[in-house]
Amino acid sequence: MLDAHDAVLIRVGSRGSRLALTQAELAAAGLRGDGVEIALVPITTAGDRDRTKPFGEIGGRGVFVKELEEALLDDRIDVAVHSAKDMTSTDTDGLVVGAYLERDDPRDALCGADAIRPEMRVGTASARRRALLLALEPTLSIEPLRGNIDTRLRKRSERGLDALVLAACGLDRLGLSDEIGRRFSPDELLPEAAQGALALQVRAGAEELVAGADDAETRRRVEAERACVAAIGSGCLAPVAAHHDGRTLTALIADEDGAWVQRRSGDDPRALAAELLALVP
């Protein structure tokens with residue numbers, strides 16, 4: 001066994017929210033071992049600093065990722081822990097996802113109600129959720145709602161919303177599963193690519209640092225989802241979704257108001273993307 005003087009220190013970077021630090025601790029647990037010490041390094045991102053503007057106005061997809069990636073490239077941290085769904089669909093130059101932890105529940109969760117009903121007021125900041133909710137029930141009033149999970153749960157009451165939609169995995173990780181009235185099936189709300197997965201990003205060439213934490217099945221599914229979204233070429237605000245259930249990859253493109261949804265399933269992410277793009281009005 002190595003003594004303290006020989007221990008390897010791994011600096012793990014994370015956003016500073018309660019959920020992000022909980023997720024960083026999950027990652028740290030997978031990296032700890034004899035001779036390995038973990039230092040958690042909280043980093044504030046653009047998405048954390050501005051909690052009012054729509055994501056598109058502060059940078060679109062990647063608003064919770066960029067500063068963590070810069071810290072990696074500047075050698076201020078060794079591992080960045082991301083909710084994989086927050087990442088861009090292609091890797092940043094010089095960086096790679098060295099590991100995906102075993103995926104948690106990828107579904108969307110309804111909080112405050114146990115079903116979608118006509119004329120409900122529902123809070124979400126996601127263009128995908130907005131489009132698919134309106135496709136399910138066109139009379140809904142979808143209201144923008146940003147902030148961390150605790151803030152959004154509080155705002156639901158303060159603003160008198162009937163319900164809000166969040167990622168089930170975040171609520172589960174924070175011990176807030178009791179807030180969930182319904183977990184939507186992927187047939188109802190197809191999850192965002194990589195939802196439910198945590199990505200451990202490292203500098204290219206340093207994959208060995210986190211390789212032991214990698215879950216091969218999660219990687220297989222998430223990489224197919226990310227490849228499909230990358231081939232479609234849409235950013236965070238485009239109503240696009242991709243989800244692999246272990247057998248089949250399903251993807252969709254939707255009108256932002258849910259007037260139409262084009263959904264297809266297959267095995268090849270790029271062929272699926274091409275098929276969907278050909279169907280867009």
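The values are calculated or read from the model by the stated rules, or taken from the named source; none is laboratory data. What you see is a predicted model, and the numbers here were worked out from it, not measured in a lab. Cβ placement follows ideal geometry from the backbone for every residue including glycine, while neighbour counts extend to all protein chains displayed. Ligands, DNA and RNA are excluded from the accessible area calculation, which covers all protein heavy atoms including side chains. Shrake-Rupley method; radii C 1.70, N 1.55, O 1.52, S 1.80 Å.
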For the chain, take the longest principal axis of its alpha carbons; what is the angle in degrees between that and the long axis of helix 149-158, to the nearest 10 within 0 to 90? 30 degrees
With every protein chain kept in place and ligands, DNA and RNA left out, what is the accessible area per residue of region 67-106? Probe 1.4 Å, answer in Å². 38 Å²
Quick one: with all protein chains in place, what share of the accessible area of the chain is carbon or sulfur, to the nearest percent (1.4 Å probe)? 47 percent
With every protein chain present, what is the per residue accessible area of region 151-267 (1.4 Å probe, Å²)? 41 Å²
Helix axis angle, 216-232 relative to the chain longest principal axis, alpha carbon, degrees: 50 degrees
Protection proxy ranking, peptides 202-215, 123-136, average beta carbon neighbours within 10 Å, highest first: 123-136, 202-215
Quick one: which residues, 5 or more positions from A163 or on another chain, have an amide H under 5 Å from its amide H? H modelled 1.01 Å from N in the peptide plane, none for Pro or chain starts. R121, G123
Only Lys, Arg (+1) and Asp, Glu (-1) charged, at Cβ; the chain dipole about Cα centre in debye: 960 debye
Residue by residue, what Karplus-based ³J(HN,Hα) values in Hz, rounded to whole numbers, does region 81-97 have, using 6.51, -1.76 and 1.60 with θ = phi - 60° and x for Gly and Pro? 9, 10, 5, 4, 5, 7, 7, 5, 7, 10, 5, 6, 3, x, 10, 9, 7
How large are Rg and Dmax for the chain when only the alpha carbon atoms are used, in Å? 18.9, 64
Using the charge dipole of the chain (Lys, Arg: +1 at Cβ; Asp, Glu: -1 at Cβ; taken about the Cα centre), state which of A167, A254, V240 has its Cα farthest towards the positive end. A254
Could you give me the ³J(HN,Hα) list for region 254-263, computed from phi with Karplus coefficients 6.51, -1.76, 1.60 and θ = phi - 60°, whole Hz, x at Gly and Pro? 10, 5, 4, 9, x, 5, 8, 9, 9, 10
